[in-house]
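What follows is a short report on a single structure.
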Amino acid sequence: MDLLSIIIFLPLAGAVLLLLFPRESERAIRGFSLIVSLAAFIVSLRLLTGFQTSAEMQFVKHIPWIPSLGISYIVGVDGLSLFLVLLVTFLQPITILSAFRAITERVKEFYICMLLLETSMIGAFVALDLFLFYVFWELMLIPMYFLIGIWGGQQRIYATIKFFIYTMVGSLLMLVAILVLVYTYKSQSGVLTFELDKLYWVAMSTRTQWLLFLAFALSFAIKVPMFPFHTWLPDAHVEAPTAGSVILAGILLKMGGYGFLRFAMPLFPDAALRAAPLVAILAIIGIIYGACVAMVQKDVKKLVAYSSVSHLGFVMLGLFVLNTQAVEGAIYQMLNHGLSTGALFLLVGVIYERRHTRFIEEFGGITKVMPVYAAIFMVVTLSSIGLPPLNGFIGEFLILIGIFKAKAVYAALAATGVVLGAIYMLWMYQRVFFGEVKHAVNRTLRDLTPREVIVFAPVIALIFFMGVYPNPLISRMEPAVKKFVTEVRAGRGDYMQITRFAEQAGGKWMPAVLEVDPEHPDEETAALVEKETELE
Amino acid sequence: MITLDHYLYLSAILFFIGVFGVLFRRNLIVILMSIELMLNAVNLSFIAFSRYTASMDGHVFAFFVMAVAAAEAGIGLAILVMLFRNRRTVQADDLTLMRD
Amino acid sequence: MEAVAFYIIAAIAVFGALLMITRRNPLAGAFSLVVSLIALAGIYAMLRAELIFILQILVYAGAIMVLVIFTIMLLNLREEELEEPPAGKIKTLIILAAVAFGCYGIIKVLSGAPDEVPRVPENFGSVEKVGELMLTSYLYPFEIISVVLLVAIVGVVLLAKKVI
Amino acid sequence: MESYLWIIPFSPLIGAAINGALAILYSHKEKGPREEIISFIGCAAPLASFVIALMIFIRMIGMDEADRILEQTLFPWIWSGALNIEVAFFVDALSMVMVLVVTCVGTIIHFYSIGYMAKDRGFARYFSYLNLFMFAMLTLVMGKNLPLLFVGWEGVGLCSYLLIGFWYSDIYKAAAGKKAFIVNRIGDFAFLLGIFVVYVATLEHGAGTLDFPALSGLVAAHPEAFRGVATAAGILLFIGACGKSAQIPLYVWLPDAMAGPTPVSALIHAATMVTAGVYMIARLSFLYALSPLAMGVVATVGALTALYAATIGICQRDIKKVLAYSTISQLGYMFMAVGVGAFSAGIFHLMTHAFFKACLFLGAGSVIHALRGEQDMFNMGGLSKYMKLTALTFLIASFAIAGVPPLAGFFSKDEILWSTFTSSLSPGWLPMVLWVVTFIAAGITAFYVFRAVFLTFYGKKRLTAEAEAHVHESPSVMTVPLILLAIGSITAGFLGVPQVLGGSNAFHHFLSPAVGAAEHVTHAVQGAGDSVQAIGAAAHAAKEAAAGGVQLSSYTGEVLSEAGGGSHGGSHGLEILLMVLSVLIGIAGILVAQAMYIRNPTLPESISRRARGLYNLVYGKYFVDEAYRETLVKPGYFLSEKVFFKVIDVWIIDGIVNGFGVMARGFGTVLRLLQTGVVRTYALFILLGILYLIYRMVG
């Protein structure tokens, strides 16, 4: 079996084996699922070492799955998805470890859900066949549904249903769009296929492109979530158990951004360019609005949830500005957000386990009783508000500089999010951690246990590493990002010509134009700058 | 001269007598028997077609139908006994748990 | 000759069925059904379905109906428990009309099938031939049906045993 | 020597890491780690930086003037597309001065802290933060590119936040820290945009770069093209500086920042961090020089802040608040200096101010320490009897800030006033106005500082009983730093004795490779207004400055000053006259203070009673905090909570979503009528369906 498939299906195999465990042996169940997720992480490190810095898809595996419908199992990673896959495998063991104490009911089902979730998330990040992607995409919903619905808080049923319906509405439209796309391709080439690589070349009228783009975009925008499709997020986050929130914020939300990156934008470049101002404005509203609303929340989890809306506004803005820095920043910001918001939810979980409340006013002066916790919380807070040289800064800086190149006003508006971010995070921090201990119950709170320290240590380390030395990550993304930017900017029209030319030349699908000369990267940049000025 | 049509007519008549029984009667035992009758009507069609197409596939199907009918009768009667034990009734209209 | 036999048997079958659905006492209904089923067995015989003929008598008229009758006797329903509120006239009429229309429709659809009776070999429908078919082309369904029966047995045991 | 550069910032970082780890390890123990160990690590780290900085300085002195630049590139940081940012350190004359000031004053204050913070439960944490601050500040002044400067910029902001809220149990102190951070963030927002403006501009002219050397070369090569950019970027970056260096309108955090331990106020909120804005403008002098508008804004804001903060200083009761407003005011002077193009004068004042203001703060700290946390000057008085050394050093520093010759403040302040008077800012009346404003501010400064001196150390004793019992001179670990800083306050000025007084102005000379060219360009550009020749001449000057270093540029400067209308320069007699004037107003301020607080202590009372309204206005700090709260904070909160959250989120968006839910339920209610729960009804429906199918087949 090839590397990627092992990574995808290892957790699934673990989940199946977990079925055989007796329900009572909770220790064994916990230990086993931790080992499985760790194994997946270790195997996935091989992706990092084996990854060649180029724009090509790597570790590609292509097996026909339902040949009669042109559906195949194609997986592969490139610079866009590599680190997202690693983020999944990295966060998963941490999340599983963090849930050791928190989950005491239906332990077996919980870990089965978690492992199933991991398989589906990795699958969605590496799938290169639209049908396969859709399957994984929808598969993610099921364990998440149970995670919130079974192990969630008071309002969990309302939250799950809201989450489910929001997401389903989007994905159904996407399914329709996928089918339209596939059949359009069939009517042009006579081949029925869901292969992404081939579908990039469908010729479509602008109108069709626009409609299909909207269908895809709605689905992804809900997942991101972009203003005004975000209201499922606070509910889902607040009601989900800690592990659920972490996965939801850390990874599931990235699906939206990744969907734009891999599907919506390259498939419908003209429409994407046309939609860019709209998306940008929504993203900016999201940034400011999310931050403002986060500021007035009384529940820490809700605050963090709304901060996600704000942070992901940056990501969306970066993606649609479409230049190297902004897109790299957007991907980087997705990773950052996964780490720091994931860690924030873990931290909130720690205190929720002890006090069974998340209301800010229930705390105050916690630093005195939980100094280690306060220190870790501080680092994560600072990462979240983008303080250099922590990871958050790199993403925000790249995004903003990219946006500024394209449209200075957008950057100025978006950068207010940086200020607002500091306001709501620090204000919350102050109310929770500083001052005298207000409530007597809090006097006896226990500081982090060694297990919890182990949970946070890798996250903190990575927060520092990604802020101080981001180059290994950025350089691996760069070729793929450049290719993405060039492709989308080129639009569909040029493509058909290139394709026809390529077909005449020898039936090769990939046009040679996209290769970037490593010797003279500046030329390519200069060309990009030209393009950008044209666009404005 | 008996043609295929005759057998099918008979089959249809028996089937609808069964349908009528299911819809009209309230005694669960009778309803169960009406269902058996409907299955038999179908079997008749199978056998008739089998004869007129000179292939024995219909016989096999009729056999399967019988097996299923046997299973169904067994389970149905067991449920009925249970019901009667618990609720002292075999009237279909008294069993409205699903509505409430 | 054949036609006469058919009409007589068919009449018995229909009559038995009608009795079955009209008798208030289920025991009487059960016996009427047995009559009807045996009549159908006769028709199977006319159609040269040897195996099915035997099974009809053994399994249907025999085993299944015995089971039904046993159950009825087991329940030992009292007279008032057999009381059925009379169905409304309009409802009856509607159902009758529907049934009549259904009958008519099916007959209308089906009529016009080929009339000539094909020649078949001597052992058509024999135990041996049908059995051969079952163990070759229909092996999997055959095996599955055995599972169905097994499940039914388990189910019945469970249902009838458990006192809730 | 270049390869040791990295040790300067990283040595404190290592110290911070060790002390931080110790603080965390001991966080649940009854007692913290041994203070000896902590203070050894905490003080050794900045001392090592200072020693290395000194060695580098000596080495630099020995080098040729034009080559006094040391660089060290560590590793690539953000490489993305055409954006190449490296972690690289860069030390030229300007950075050298800053590094020396920071490490020298920083080390002294570290030692002082040993005494001040003794027996505090957060001892290790304190030194960890303080070391971290040193790291950030040194990164700020040594960073080779704007983003790295920004790292230090934000880093010092963070440390400031942590140290202001050091005693976090007091919610007001914690809130003060947060306020500092957020106000700084507002400035940083503009600062970031400023960086982007610069970057995009360089991108348009070939290479996208943010490295200072490359940037200055690029600007020198295309001066015309960078004029507009200079204005935009200059003003944006200056807004950032306003946040960090507490200028109008973003100064509000600094007075609150006094909630932190006093050594912190001395190091961060007086000597080093708050001067970062001045350093930044000097560092980008080549860019600022091109934009008279940006420079005018800087100078005007600086002068206004100098006067404004000084007036507030008059009425404060809290000794640290007085010093805080004094800091704001002095920073105003520095900004005015860089704004009129006297970059070296600004940096000179920065250096002398670091000494005397640190000395003042530490003296105040010594008093507060002796009085067990008492900060209200009206509960002090007559302390000079008990604390001779503290009083003496405080007095020296006060004379320095009042501009009494020959102390440090005299030379630096006077150079600023003179540069302002002779600057070529347009419109033509502006230099004069600025001079008058800061001249008055100088008088007020002398007044309020000596008000503090008299209230604290002289006159009647007004101590509370508790304080009375404890009052004592501080231990030598605290007084020795005071003496060192007092010596600095006396001698630092002699580094820059102006030529008119027979000095050689060595400081100015040392800095000229870094900022000299820009000073000339400033004069050329400003003096000539917008005329085409002037811009051409300025461009020429800039080019020459870039190409040939200081010798050529001073030559060009002379040429240009003639071309630009000869406004640069004035007679020696005038210079001496102004000097005498400013000394006189300083002495006048001191005398007034003496009159009001020593000779006639009831006078202040009666004055404040007669001008009640004005007094309240000034005492209430012009109610700017309140105005901000009412116009920005509260409406913002209201908008967020009542409009965004309650109306848009909950009511409109969720309303729509739930509306779909209600709709679906409505359909369900209708369809539910069909679900009778009676199986036979369902059978009937099946039958009807079949009949319909049959009907279709038949018909």
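Once the cut-off is 18 Å, how many percent of the Cα-Cα pairs in chain C end up in the long-distance tail? It would help to have the intermediate numbers written out before the result.
Working: 10244 of 13366 pairs.
It works out to 77 percent of all Cα pairs.
Modelled label-to-label distance, A:ASP2 and C:LEU93, 7 Å Cα→beta-carbon offset: nm?
Distance between the two pseudo-spin positions: 7.3 nm.
Hey, if you put +1 on the Cβ of every Lys and Arg and -1 on every Asp and Glu Cβ in the protein assembly as shown, which of D:HIS470, D:LEU74, D:GLY496 ends up farthest toward the positive end of that dipole?
Of the options given, the answer is D:HIS470.
Tell me the label-point distance for the pair A:GLN188, D:VAL633, using the 7 Å Cα-to-Cβ offset, in nm and rounded to one decimal.
Going by the 7 Å Cα→Cβ label model, 5.9 nm.
Quote to one decimal, in nm, the extra length available between A:ILE42 and A:ALA408 on full extension: 0.36 nm per residue of separation minus the C-alpha distance between them. The partial results should precede the final answer.
On the way: separation 366, 0.36 × 366 = 131.76 nm, distance 4.27 nm.
Between A:ILE42 and A:ALA408, full extension yields 127.5 nm more.
How large is ³J(HN,Hα), in whole Hz, for each residue of the range D:681-693 in order, when computed from phi with the Karplus curve 6.51 cos²θ - 1.76 cosθ + 1.60 and θ = phi - 60°, using x for Gly and Pro?
For the range D:681-693, the Karplus curve yields 5, 4, 4, 4, 5, 4, 4, 4, x, 4, 4, 5, 4 Hz.
Between A:PHE465 and A:GLU353, what FRET efficiency follows from the Cβ-Cβ distance if R0 is 22 Å, with the result rounded to 0.05?
On the way: r = 28 Å, r/R0 = 1.27.
FRET efficiency, A:PHE465 to A:GLU353: 0.20.
Given H placed on each backbone N at 1.01 Å, which residues far from D:SER80 in sequence or on other chains put an amide H within less than 5 Å of it?
Placed amide hydrogens put D:ILE85 under 5 Å from D:SER80.
Please report the Cα spread of the range B:4-95 along all three principal axes, rounded to whole Å, starting with the longest.
The principal-axis extents, from largest down, are 50, 24, 11 Å.
Please list C:138-151, A:448-461 highest first by mean number of surrounding beta-carbon atoms within 10 Å per residue. Walk me through the numbers on the way to the answer.
Numbers: C:138-151: 13.4, A:448-461: 16.1.
Ranked by mean Cβ neighbours within 10 Å, highest first: A:448-461, C:138-151.
Can you bin the range D:1-71 into rounded, prolate or oblate? Criterion: square roots of the alpha carbon gyration tensor eigenvalues sorted a ≥ b ≥ c, rounded for a/c under 1.5, prolate for a/b above b/c, oblate for the rest.
Details: a/c = 6.73, a/b = 3.32, b/c = 2.03.
Taking the square roots of the gyration eigenvalues as a ≥ b ≥ c, the range D:1-71 is prolate.
Can you give me the P(r) profile for the protein assembly as shown? Cα pairs, bins 10 angstrom wide beginning at 0, each as a whole percent.
In whole percents, the pair-distance histogram is 1, 7, 13, 15, 14, 13, 10, 7, 5, 4, 4, 3, 2, 0, 0, 0.
Let me know the shape class of chain A, please: from the alpha-carbon gyration tensor, a ≥ b ≥ c as square roots of the eigenvalues, rounded when a/c is under 1.5, otherwise prolate if a/b is greater than b/c, or oblate. Don't jump to the answer; show the numbers that get you there.
Details: a/c = 1.85, a/b = 1.41, b/c = 1.31.
The shape class here is prolate.
Using 0.36 nm per residue, how much length does the chain from D:HIS470 to D:HIS509 gain when fully extended, once their Cα-Cα distance is taken away?
Details: separation 39, 0.36 × 39 = 14.04 nm, distance 4.92 nm.
Between D:HIS470 and D:HIS509, full extension yields 9.1 nm more.
For the range A:229-387, max minus min Cα coordinate along each principal axis, in Å, sorted largest first?
In descending order, the Cα extents are 56, 26, 25 Å.
Could you check the spin-label model distance between D:ILE61 and C:GLU116? Points 7 Å from the Cα along Cα→Cβ, value in nm.
That separation, rounded to one decimal, is 12.8 nm.
How large are Rg and Dmax for chain D when calculated on the C-alpha trace, in angstrom?
Looking at chain D, its Cα Rg and Dmax stand at 30.6, 123 Å.
Would you mind ranking D:LEU74, D:LEU407 by Cβ crowding within 10 Å, fewest neighbours first? Please report the intermediate quantities before stating the final value.
Values: D:LEU74 13, D:LEU407 26.
Exposure proxy ranking, most exposed first: D:LEU74, D:LEU407.
What does the highest-first list of A:212-221, D:19-28 look like by mean Cβ count within 10 Å?
Details: A:212-221: 23.8, D:19-28: 18.1.
My ranking of the peptides, most packed first, is A:212-221, D:19-28.
Might you report the magnitude of the Cβ-based charge dipole of chain D about its Cα centre, with Lys and Arg at +1 and Asp and Glu at -1, to the nearest 20 debye?
Values: 42 positive and 39 negative charges, 561 e Å.
In debye, rounded to 20, chain D gives about 2700.
What is the magnitude of the charge dipole of the protein assembly as shown about its Cα centre, with +1 placed on the Cβ of each Lys and Arg, -1 on the Cβ of each Asp and Glu, and no other charges, expressed in debye to the nearest 20? Show your work: numbers first, answer last.
Details: 99 positive and 97 negative charges, 945 e Å.
Here the size comes out at about 4540 debye.
Starting from the Cα-Cα distance between D:ILE587 and D:LYS29, subtract it from 0.36 nm times their residue separation and give me the gain in nm to one decimal. Spell out each step's value before the answer.
Values: separation 558, 0.36 × 558 = 200.88 nm, distance 5.47 nm.
Residue separation times 0.36 nm, minus the Cα-Cα distance, leaves 195.4 nm.
Using +1 on the beta carbon of Lys and Arg, -1 on that of Asp and Glu, and nothing else charged, what's the dipole of the range B:4-95 about the Cα centre, debye to 20?
On the way: 6 positive and 6 negative charges, 73 e Å.
Here the size comes out at about 340 debye.
Shielding by partners for A:400-407, please: the mean number of other protein chain Cβ atoms within 10 Å of each residue's Cβ.
On the way: counts 4, 14, 4, 1, 7, 9, 1, 0.
If you average over the peptide's residues, the count of other-chain Cβ atoms is 5.
Listed highest first by mean packing, meaning other Cβ atoms within 10 Å per residue, what order do D:376-389, A:225-238 come in?
Values: D:376-389: 17.9, A:225-238: 25.1.
For the peptides D:376-389, A:225-238, the packing ranking is A:225-238, D:376-389.
Using only the alpha-carbon atoms, how far is helix A:371-384 inclined from the longest principal axis of chain A? Give it as 0 to 90 degrees, nearest 10.
It is inclined by approximately 20 degrees.
For D:PHE378 and A:GLN52, what does the FRET efficiency come to when R0 = 60 Å and r is the distance between their Cβ atoms, rounded to the nearest 0.05?
Numbers: r = 74 Å, r/R0 = 1.23.
Step by step, r from the Cβ atoms, then E = 0.25.
Which FRET efficiency value, to the nearest 0.05, is calculated for A:ILE285 and D:GLU36 with the Förster distance at 51 angstrom and r the Cβ-Cβ distance? Each step should come with its number before you reach the end.
Details: r = 56 Å, r/R0 = 1.11.
The computed FRET efficiency comes out at 0.35.
Could you tell me the center-to-center distance, by alpha carbons, between the range A:300-344 and the range D:1-50 in angstrom?
The range A:300-344 and the range D:1-50 have Cα centres separated by 35 Å.
Hey, for a label at D:TRP79 modelled as a point 7 Å past Cα toward Cβ, could you say which residues of the range A:396-410 have their backbone N under 18 Å away?
A:398
Could you state the angle between the C-alpha long axis of helix D:550-563 and the longest principal axis of the C-alpha atoms of chain D, as a value from 0 to 90 degrees rounded to the nearest 10?
That helix lies at roughly 90 degrees to the long axis.
How many times 2.2 N^0.38 Å is the alpha carbon radius of gyration of the range D:306-449? Mind showing how you got there, number by number?
Values: Rg = 15.9 Å, N = 144, 2.2 N^0.38 = 14.5 Å.
Against the empirical 2.2 N^0.38 Å value, I get 1.09 for the range D:306-449.
Between helix D:93-116 and chain D, what is the angle of the helix's C-alpha long axis to the longest principal axis, kept within 0 to 90° and rounded to the nearest 10?
90 degrees
Every number here is computed from the coordinates shown, using simple stated rules; none is lab data. Predicted model, so just to flag it, every value in this text is computed and none were measured. All Cβ positions, even for glycine, are placed from backbone atoms using ideal geometry, and neighbour counts span all protein chains on display.
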